[in-house]
Amino acid sequence: ELLYAVEENNVECCRALIDHGADVNASGRYGMTALIYAVERNNVECCRALIDHGADVNVIDGNGKTALLYAVEENNVECCRALIDHGADVNASGRYGMTALIYAVERNNVECCRALIDHGTDVNARDDGWKTALMYAVEKNNVECCRALIDHGADVNASGDDEKTPLMYTVERNSVECCRALIDHGADVNASDDDGKSALMYAVENIDDVECCRALIDHGADVNASGGYGMTALMYAVEKNNVECCRALIDHGADVNASGRYGMTALIYAVKRNNVECCRALIDHGADVNASDHDGKSAVIYAVENIDNVECCRALIDHGADVNVIDGYRKTALIYAVEKNNVECCRAMIDHGADVNASDDDGKSALIYAVEENNVECWRALIDHGADVNVRNDVRKTALIYAVEKNNVECCRALIDHGADVNASDKNEKTTLMYA
């Protein structure tokens, strides 16, 4: 009956039952006692009555939780204070090793948090994931709890099982106030997690996190540190199109020519993401426009592969990018442009001296690619600029053979009009007419 009375917040019945000898520590389903029911439902009067009559404030239910854990979880401040005042263990932990303090900061229960701290709770206790209350506070952008924890000795450099520090959590969430508080109290701005990522790298990944980025840089964050796969903060910034952070890093000495995974530079990342502003900023600050990755692909090759990336392509060409660069497959930027039917880049490359007759490992020239894919404007531009209409690939097929094979009448006529050999045959002596 006592459990039902408490569950229904029936204070008079609760007092009457207690006065007549009801067991204040009896438990019901899941091992929950009357006191646990009372705090879970914020029944303050019942809670006080039970405590006054000897209810065990530290009993643990079937969920592994004490009354205090329920109180802070529900932001039940009065019950929380009453339990603490009557000896509740402020360091008891429940499931996953979460203490009352961790529950409090996770739910932004500031008053409960302060009450627990004032009564000596361990501010550096960790849950089963090795996370501290401070990590939860900054992760939730809980500024008041963050400051209270720091003021009472929380370790600002504690790291979890993934080696992430509170500073990393706070910049990841763009919690500027928490970030400044941590830095002001000695947080290591150059610590790195299991993936080798620093707080600065997390900051630049968030396009709204410019203030945190600047604060970290101003307090000595290494702008050239590299993390997993050799990625620097600058690479993360341009990959996320974070222009302001990109400029801030460059202004503070970030190496614009550092190479990371697969030999890719920040400029290559910028071009791959069609990040025009970052691309221009990098070029203006000395980025090598001809640097290539492990596949031999330079920024201009990546630019022409994206049909929407004309501005980056032009910026690179205007600043001296080699239009005849060859990658590991012996393909030129012009071949990639034609293959992707990137007409504007194709014309730009030709206008700036791209070799219209260069061929890849298979002996295929840009013209052969153009007619094979029926990229009309590209093959017209190539023919108009002197592409060899009789060039053969490794199987001795000409552009005209590909044109008739694809039943590309318009291209076939254009090639013939410009001198294509109508009697050319492939390596099997199959002539153009036979293909037709």
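The values are calculated or read from the model by the stated rules, or taken from the named source; none is laboratory data. Given the structure is predicted, the values throughout are model-derived calculations rather than measurements. Neighbour counts run over all protein chains shown; Cβ positions are idealised from the backbone, glycine included.
For the range 196-208, does any single residue satisfy the condition of being outside the structural domain of ILE102 (by TED's automatic domain parsing) and over 18 Å from the mean Cα position of the chain (by Cα)? Break it down into steps so the answer makes sense when it comes.
Kept after step one, since they are outside the structural domain of ILE102 (by TED's automatic domain parsing), are these residues of the range 196-208: 196-208.
Subset that is over 18 Å from the mean Cα position of the chain (by Cα): none.
Scanning the range 196-208 turns up no residue that is outside the structural domain of ILE102 (by TED's automatic domain parsing) and over 18 Å from the mean Cα position of the chain (by Cα).
Quick one: which of CYS146, CYS213 is touching a Pro at 6+ places or on another chain (Cβ under 9 Å) and either of a type in the set (Gly, Ala, Ser) or at negative phi (or both)?
Details: CYS213 fails: touching a Pro at 6+ places or on another chain (Cβ under 9 Å).
One residue alone meets the criteria, CYS146.
Looking at ASP308, ASP322, ASP295 in this structure, which one is in contact with a Gly (Cβ under 9 Å, 6 or more places away or on another chain) and surrounded by fewer than 23 Cβ atoms within 10 Å (Cβ to Cβ)? Walk me through it before giving the result.
Numbers: ASP308 fails: in contact with a Gly (Cβ under 9 Å, 6 or more places away or on another chain); ASP322 fails: in contact with a Gly (Cβ under 9 Å, 6 or more places away or on another chain).
One residue alone meets the criteria, ASP295.
How many of the residues in the range 101-157 are touching a Phe, Trp or Tyr at 6+ places or on another chain (Cβ under 6 Å) and surrounded by fewer than 16 Cβ atoms within 10 Å (Cβ to Cβ)?
Within the range 101-157, the subset touching a Phe, Trp or Tyr at 6+ places or on another chain (Cβ under 6 Å) is 102, 105-106, 127-128, 135, 138-139.
Next, from what is left, pick out any that are surrounded by fewer than 16 Cβ atoms within 10 Å (Cβ to Cβ): 128.
Count: 1.
Can you tell me which residue is surrounded by the most Cβ atoms within 10 Å (Cβ to Cβ) among those in the range 218-236 that are among the small types (Gly, Ala, Ser) and in a loop (DSSP other than H, G, I, E, B)?
Residues of the range 218-236 that are among the small types (Gly, Ala, Ser), as a first pass: 220-221, 225-228, 230, 233.
In the following step, the residues that additionally are in a loop (DSSP other than H, G, I, E, B) were identified as 220-221, 225, 227.
Details: GLY220: 11, ALA221: 24, ALA225: 16, GLY227: 20.
Filtering first and then ranking leaves ALA221.
Being over 24 Å from CYS212 (Cα atoms) and small (Gly, Ala, Ser): is that true of GLY228 here? Please lay out each step first, then the result.
Numbers: over 24 Å from CYS212 (Cα atoms): no; small (Gly, Ala, Ser): yes.
For GLY228, the condition - over 24 Å from CYS212 (Cα atoms) and small (Gly, Ala, Ser) - is not met.
Anything in the range 289-337 that is acidic (Asp, Glu) and under 15 Å from ASN275 (Cβ atoms)? List them, or say none.
Of everything in the range 289-337, those that are acidic (Asp, Glu) and under 15 Å from ASN275 (Cβ atoms) turn out to be GLU305, ASP308, GLU311.
Just for the range 385-436: of the residues that are in a helix (DSSP H, G or I) and touching a strand residue (DSSP E or B) at 6+ places or on another chain (Cβ under 9 Å), which one is surrounded by the fewest Cβ atoms within 10 Å (Cβ to Cβ)? Talk me through it step by step, then tell me what you get.
Step one: of the range 385-436, the residues in a helix (DSSP H, G or I) are 399-405, 409-417, 432-435.
Those still in the list that are touching a strand residue (DSSP E or B) at 6+ places or on another chain (Cβ under 9 Å) too: 399, 401, 415, 432, 434.
Working: ALA399: 32, ILE401: 29, LEU415: 28, THR432: 24, MET434: 12.
Once the filter is applied, the top-ranked residue is MET434.
Search the range 323-340 for residues that are touching a residue at least 40 places away in the same chain (Cβ under 8 Å) and of a type outside the set (Val, Ile, Thr) and pair each with any residue that is part of a loop (DSSP other than H, G, I, E, B) and surrounded by fewer than 24 Cβ atoms within 10 Å (Cβ to Cβ) when their beta-carbon atoms are under 7 Å apart and the residues are at least 6 apart or on different chains.
none
Regarding the range 15-36, can at least one residue be identified that is without any contact (Cβ under 8 Å) to a residue 12 or more places away in the chain, surrounded by fewer than 18 Cβ atoms within 10 Å (Cβ to Cβ) and either on the phi > 0 side of the Ramachandran plot or of a type in the set (Ser, Thr, Tyr) (or both)?
Checked against the condition, which is being without any contact (Cβ under 8 Å) to a residue 12 or more places away in the chain, surrounded by fewer than 18 Cβ atoms within 10 Å (Cβ to Cβ) and either on the phi > 0 side of the Ramachandran plot or of a type in the set (Ser, Thr, Tyr) (or both), the range 15-36 yields at least one hit.
One line per residue, one yes/no per condition, for (1) assigned to a helix (DSSP H, G or I); (2) within 25 Å of ALA16 (Cα to Cα):
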residue: CYS46; (1), (2): yes, yes
residue: ASN58; (1), (2): no, yes
residue: ASP89; (1), (2): no, no
residue: TYR103; (1), (2): yes, no
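Scan the range 257-284 residue by residue and report those that are surrounded by fewer than 22 Cβ atoms within 10 Å (Cβ to Cβ), touching an Asp or Glu at 6+ places or on another chain (Cβ under 9 Å) and part of a loop (DSSP other than H, G, I, E, B).
ASN257, ARG273, ASN274
For the range 164-193, give me each residue that is under 19 Å from the mean Cα position of the chain (by Cα) and in a helix (DSSP H, G or I).
PRO166, LEU167, MET168, TYR169, THR170, VAL171, GLU172, VAL176, CYS179
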